Amino acid sequence: MYLSSVMSRQLKEIVIKNIFFLFALVSIFILGLIIVFLFREGVPIFKVVSVKDFIFGNEWYPTYDPPDFGIWPLIVGSIIVTLFASLIAVPLGILSAIYISEIAPPLMKEILKPVIELLAGLPSVVLGFFGMVVIAPFLQETFDLPTGLNIVNVSILLAIMAVPTISSISEDALYSVPREFKEASYALGATKFETIVKVIVPAALSGISTAVMLGMARAIGETMVVLMVAGGAAAIPESIFDSVRPMPASIAAEMGEAPFRSDHYHALFAIGVVLFFMTLFFNLIADYISTKFKEVGTATL
Amino acid sequence: MQDDSIIKVKNVNFHYGDFKALTDINMDFEKSRVTALIGPSGCGKSTLLRLLNRMNDLIDGTRVEGEVLFEDKNIYDSNVDPVEIRRRIGMVFQKPNPFPKSIFNNIIYGPRLLGVTGKGDLRDLAEQSLRQAVLWDEVKDILGQSAMMLSGGQQQRLCIARALAMKPDVLLMDEPTSALDPISTAKIEELIEGLKKHYTIIIVTHNMQQAARISDYTGFFYLGKLIEYNLTEKLFTTPDVKQTEDYITGRFG
Ligand SMILES: Nc1ncnc2c1ncn2[C@@H]1O[C@H](COP(=O)(O)OP(=O)(O)OP(=O)(O)O)[C@@H](O)[C@H]1O
Ligand SMILES: [Mg+2]
């Protein structure tokens, strides 16, 4: 009687464990499928052009005869807009997280949090539209430019998209700093500002770094906004008011016109592979930081 | 009690929102003495302790009535900076709470805020504080290591050293040994014994023997009121109030 109930409990454990394992397996399987597909469609381009010429080639003329498949300007475009976006989004995101979690009075917190979350929910096409009809003409007029669809414009929009990611993950990290640390700091005669700078932020640093990396990954992979407001010039930019053509924009703009399984088609998939590795890289860094630099939790007894 | 007192609590009531946690407390703390606060859980001992260095300010919705005089100045006057008070009245918490920084950086956290920057000065200060807290011999070779690696008892002595590095006038301790084993507890009691020459110590404890062993005065609290405040020896042998006797003999309802 007793024995059989133990048996059935163990059986239940095993079944539950396997069900979870199965679900985990399914998502890994799907991811694997996508990667295999990406490589199968992308790799054939390297029969036409070498990996080095593909990545570091300065000319992207996929429809010329003979075509040029150098994506360096696209990579540079992606990196530049991501960097500039981070320059805006990182301080903004971290400072707003600090403000919300440590400084804001309760009412302000109630207002700010949903507003930032709403920002995250904004469809990127709406943001892109905003960039086209508001920011672009403004830039064009104030700086007397041929076009307002340029690096500055994209960077601002990508920053707007990255801020909620950075802010909300940083905020979680700040909230999880144990109360004891703050009390210890105040009891030693630290001001609120000193406590934030010297205790709270350092204790939350790994979480904040993860937030930054994920925010950047978000920016580099974003497609709709760069398609709409980056201007689309596949050349290495010389000023921050130049147009660029980040990788996702190229793929989205050209996929429709590239004949199925043509060289152009394979080249676009190969860009996808490069992009995949770049976002993977950001995510790996984020992961590494969050495990490696995790400060040892609260006092252990 | 004659007027050797460094802190005087006068007609203090304390509220957490609508909840009144302390009622009409009058209590003087004598300089260079150890005063113990005892009483059943929830009677307001920690609340009173945190009132003395304005730590309760950090909790939303609290309210203080009455006066707390520190060297004859009301620390709740509107022109008093709580930061200044906390620099002179140090605190050690129930749970050891070192920062996730190196042992050395834990000690010099406070002095640095005060503007002590000389490498040599900071080192001397660290050594002096760690010696005072009877931790120096155990950590002198690992000052650069994370304080989180220390045992609970060592962490608590580190927290005491950290508080001492500020050279406070008063040291508040909220059940500093409740999370420790008997050996660490004995070490900390010894340490308190040694410290009382130079510091005024106010300690909350649930351990009657501890209060009897280390304190000169003891206050017994019940339901937010100070029931009896007396010389420790008197309070534990011939208390004036029946309730006190019931509590210390364990006959409490
Ligand atoms: N932050 C708070 N908000 C609301 N009420 C509180 C808060 N902290 C304490 N109290 C209440 O105030 C009363 C006194 O609490 P306090 O922590 O001072 O008790 P204590 O004597 O230290 O108890 P213990 O021995 O368990 O530590 C308790 O009834 C408690 O519920
Ligand atoms: Mg308490």
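Near residue B:92, the amide H atoms lying under 5 Å from its own belong to B:172, B:173, B:174; only residues 5 or more places off or on other chains count, and H is placed 1.01 Å from N. Shown is the FRET efficiency for residue A:87 and residue B:80, computed with R0 = 51 Å from the Cβ-Cβ distance and rounded to the nearest 0.05: 0.75.
Using Cβ point charges alone (K and R +1, D and E -1), the dipole size of the protein assembly as shown about the Cα centre works out to roughly 1200 debye.
Note on the protein assembly as shown: helix-only mean residue ellipticity at 222 nm, from DSSP H runs of 4+ residues weighted -39500 (n - 2.57) and normalised by residue number, equals -17000 deg cm²/dmol.
Here the scattering of region B:1-160 is modelled by Debye summation over its C-alpha atoms, one equal scatterer each and no solvent; at q = 0.17, 0.19 Å⁻¹ the log10 of I(q)/I(0) is -1.10, -1.21. For chain A, which span is the longest to avoid every loop-located (per DSSP) member of GluC sites (Glu not before Pro) having at most 12 other Cβ atoms inside 10 Å? In short, A:1-237. If I build a Gaussian network model for chain A, linking alpha-carbon pairs within less than 10 angstrom, which residue out of A:158, A:139, A:268 has the largest mean-square fluctuation? Between A:158, A:139, A:268, it is A:139 that shows the largest mean-square fluctuation.
Considering only alpha-carbon pairs that sit under 8 angstrom and 6 or more positions apart, the relative contact order computed for chain B is 27 percent. How far is helix A:263-292 tilted off the main Cα axis of chain A, in degrees rounded to 10, range 0 to 90? Orientation of helix A:263-292: about 20 degrees from the principal axis. In loop segments of region B:1-74 as defined by DSSP, the GluC sites (Glu not before Pro) with at most 14 further C-beta atoms inside 10 Å of their C-beta are B:71. Between A:260, A:39, A:23, the residue with the greatest mean-square fluctuation in the GNM of chain A (Cα pairs under 10 Å linked by springs) is A:23.
In this simple spin-label approximation, residue A:172 and residue B:197 carry label points 7 Å from Cα along the Cα→Cβ vector, and these lie 5.4 nm apart.
Backbone phi angles across region B:212-221, fed through the Karplus curve with coefficients 6.51, -1.76 and 1.60 (θ = phi - 60°), yield HN-Hα couplings of 5, 5, 9, 9, 9, 10, 9, x, 9, 10 Hz in residue order; Gly and Pro are listed as x. Model label sites at residue A:40 and residue B:123, defined 7 Å from Cα along the beta-carbon direction, differ in position by 6.7 nm. One way to sum up the overall shape of region A:72-144 is the equivalent ellipsoid from its Cα gyration tensor, whose semi-axes run 29, 17, 13 Å, largest first. With θ taken as phi - 60° and the Karplus curve 6.51 cos²θ - 1.76 cosθ + 1.60 applied, the whole-hertz 3J(HN,Hα) list for region A:25-35 is 5, 4, 5, 5, 4, 5, 4, x, 4, 4, 5 Hz, x standing for glycine and proline. Taking amide hydrogens as placed 1.01 Å from N in the peptide plane, the amide H of residue B:28 sits under 5 Å from those of B:9, each at least 5 positions away in sequence or on another chain.
For a straight C-alpha distance cut-off of 27 angstrom, the lysines reachable from residue B:101 (same-chain residues fewer than eight places away being disregarded) are A:182, A:192, A:198, A:292, A:294, B:119, B:140, B:167, B:187. Taking the C-alpha atoms only, the angle from helix B:103-113 to the longest principal axis of chain B is near 70 degrees. By the Cα gyration tensor, region A:1-158 has an equivalent ellipsoid whose semi-axes, rounded to whole angstrom, run 45, 34, 13 from largest to smallest. Near the amide H of residue B:36, within less than 5 Å, lie the amide hydrogens of B:203, B:216, B:217, B:218, B:219, all on another chain or at least 5 residues away, with H placed in the peptide plane. As a ratio to 2.2 N^0.38 Å, the alpha-carbon radius of gyration for the protein assembly as shown is 1.33.
Which FRET efficiency value, to the nearest 0.05, do you get for residue A:115 and residue A:47 by plugging their Cβ-Cβ distance into 1/(1 + (r/R0)^6) with R0 = 35 Å? In this case the efficiency is close to 0.10.
Label-to-label distance for residue A:24 and residue A:134 is 4.5 nm, based on points extended 7 Å past Cα in the beta-carbon direction. Go through A:291, B:152, A:240 and say which Cα lies farthest out towards the positive end of the charge dipole of the protein assembly as shown; charges sit on Cβ, +1 for Lys and Arg, -1 for Asp and Glu. About the Cα centre, the residue reaching furthest to the positive side is B:152. Taking the inverse of the mean reciprocal distance over all distinct Cα pairs, the Kirkwood hydrodynamic radius of region A:2-46 comes to 13.3 Å. With a cut-off of 11 Å between beta carbons, the residues surrounding residue B:84 carry a summed charge of +4, where Lys and Arg count +1 and Asp and Glu -1.
Name the shape class, rounded, prolate or oblate, that the alpha-carbon gyration tensor gives for chain A, where a ≥ b ≥ c are the square roots of its eigenvalues, rounded holds for a/c under 1.5, and otherwise prolate holds if a/b is larger than b/c and oblate otherwise. Taking the square roots of the gyration eigenvalues as a ≥ b ≥ c, chain A is oblate.
Coupling constants for region B:36-49 follow from the phi torsions by the Karplus curve (6.51 cos²θ - 1.76 cosθ + 1.60, θ = phi - 60°), and in residue order they are 9, 10, 10, x, x, 4, x, 7, x, 5, 5, 4, 5, 4 Hz; glycine and proline get x.
Considering only A:218, A:179, A:40, the mean-square fluctuation computed in a Gaussian network model of chain A, springs between alpha carbons under 10 angstrom, is largest for A:179. Residues B:23, B:185 in ascending order of nearby Cβ atoms (within 10 Å, fewest first): B:23, B:185.
Quick note: the coordinates plus some simple rules give every number you see, no bench work behind them. Keep in mind the model is a prediction, meaning the values are calculated, not measured. Reconstructed Cβ throughout: ideal geometry from the backbone, glycine too, with neighbour counts over all protein chains shown.
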